[in-house]
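The values are calculated or read from the model by the stated rules, or taken from the named source; none is laboratory data. All values derive from a computational prediction rather than experimental measurement. Neighbour counts are summed over all protein chains in view; Cβ atoms, including those assigned to glycine, are modelled from backbone coordinates with ideal geometry. Accessible surface areas use protein heavy atoms only, side chains included; no ligands, DNA or RNA. Shrake-Rupley method; radii C 1.70, N 1.55, O 1.52, S 1.80 Å.
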Amino acid sequence: MRHRSLFTISTTAVAVGALTLSACGSRDDSGGDSGGGDKTVVIGLDAPLSGDLSALGAGIKNSADLAVKVANKNNEVDGVKFKLESLDDQGQAGTGQQNATKLVGNQEVYGVVGPLNSHVGESMQKVLGNANLVQVSPANTAPQLTQGAKWQSGDKVRGFDSYFRTCATDDVQGPFAAQYLYNEKKFKKAYIIDDKKTYGAGLAGTFTTEFKKLGGKIVGTDHVNPDDRDFSAVATKVAKSGADFVYIGSEYPTAAPLSAQIKKAGATFPTVGGDALYSAEYIKLHKKKSEGDMATSVGAPLNTLDTAKEFMKNYKAQGYKLPYEAYGGYAYDSTWAIVQAVKAVAEEGDGLPDDVDEAREKIAKAVQSVKFSGVTGEVAFDKFGDTTNKQLSVYEVKGGDHKAVKTGTFGES
């Protein structure tokens, strides 16, 4: 086995860091503290750190920062000090592409974590792929990013060997929600809305296909502009449709006011969506009318996983101003996958290659073989670069908070 060292790393303590991190307070936010002749390895991060989705972006950034601090505190890679460089994409594809170019140009960058949005991920893939700079996303769920444009027909083709993700994809998330609503909630009639973006339209599509296959009826469909906040015309149509629920393929800045206006128009049924609605921000924006709404999200609730306990303790100890949100555990594991790939290459070659291009290429290849027990469970990647962990959860807003009502994998009874 080429990367022998990776397969000795299987304990949760190694992945999450069984240590007290208060001593890290003297470091800067990047997790730096490089010195003493150690080689600096920068891990780039791209996420929306400002704008409507900044709460999710902050959770991703903070969790990656924690992983870097644990790696440095533990001296995870001998002779290497890790540093995080975080860039703001504002949820915009063009900005993400520019950030990718900037990270490629930094000769100290050996891997990239992010982004949050699938359409931003698409814009970054080619830039990073051409430089063999590995990219591990904690949140991109659109199947085509790893399986190609024809994935629905079964013609799956991986476009970029340097692209990976630690989250499950919408080809299982949408159907998982459909099965829960049809089989367990006994909902038979759906109104479908999407925002025409890569994530929203794709997720609504996979949900609709499975719901109809099960016998469900689509009583209406609509598209909305994600930048709009007045949805009164659509809201009236949905409220009068006779639906059992409305499924919104979008993110919480759009879905929350849309759902609120649908209920204001007289609807008494819930709103359902994907992982981009699983945020405390959805409830804040929606205010008291979010009760009963549902969202699916990747993985199992972190508070139910033994593997996540150390992460949650360390995150709290660091005093980050914002919570880790839906993707924090996945961001930590994405960062740790890059750390472990760097470790494998360094141990195999008695240090990282001096040539940056060679080092990047070897690290990207090493990520394919990474396997460890992480915050979110067992972390490993299949031949497409997708996570092998296909767990998903359904959350319902109860008492002003998202409560897990089902956890499993698509296809389970």
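Here is how the numbers come out for the structure above:
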| read-out | value |
| --- | --- |
| Length-normalised contact order of the chain in % [C-alpha pairs under 8 Å, at least 6 apart] | 21 percent |
| Counting DSSP beta bridges with both ends in the range 228-386, the antiparallel % (nearest 5) | 40 percent |
| Where Lys150, Lys188, Lys264 fall by accessible area, highest first, once all protein chains stay in place (1.4 Å) | Lys264, Lys150, Lys188 |
| Candidates Tyr332, Tyr315, Tyr247: whichever shows maximal mean-square fluctuation once the chain is modelled as a Gaussian network with Cα springs under 10 Å | Tyr315 |
| Cα-based reach from Lys213 at 27 Å (exclusive), listing lysines while leaving out same-chain residues under 8 positions away | Lys150, Lys156, Lys185, Lys186, Lys188, Lys189, Lys196, Lys197, Lys237, Lys240, Lys390, Lys406 |
| Sparse-neighbour loop sites [trypsin sites (Lys or Arg not before Pro); the range 270-345; at most 15 other C-beta within 10 Å; DSSP] | Lys321 |
| Å² per residue, accessible surface of the chain at 1.4 Å | 39 Å² |
| Hydrodynamic radius of the range 236-307 per Kirkwood, over alpha carbon pairs, in Å | 12.7 Å |
| Folded to 0 to 90 degrees: helix 309-318 orientation relative to the chain principal axis, Cα | 80 degrees |
| Residue-count net charge about Thr221 - beta-carbon cut-off 13 Å; Lys, Arg +1, Asp, Glu -1 | +2 |
| Beta bridges per DSSP with both ends in the chain, % antiparallel, nearest 5 | 30 percent |
| Fraction of accessible area attributable to carbon and sulfur, the range 207-357 (%, probe 1.4 Å) | 50 percent |
| Residue order for Arg165, Arg229, Arg158 - accessible surface, 1.4 angstrom probe, largest first | Arg229, Arg158, Arg165 |
| The range 313-376, relative contact order [Cα under 8 Å, separation at least 6], % | 39 percent |
| Tilt relative to the chain, helix 328-348 - C-alpha long axis, 0 to 90 degrees, to 10 | 30 degrees |
| (1) 126; (2) 162; (3) 142, with the label sought being that of the calculated volume of the Cα convex hull per residue in Å³ | (1) |
| Rounded accessible area of Ser241 (nearest 10 Å², 1.4 Å probe) | 30 Å² |
| Using alpha-carbon coordinates, inclination of helix 118-130 to the longest axis of the chain, degrees | 30 degrees |
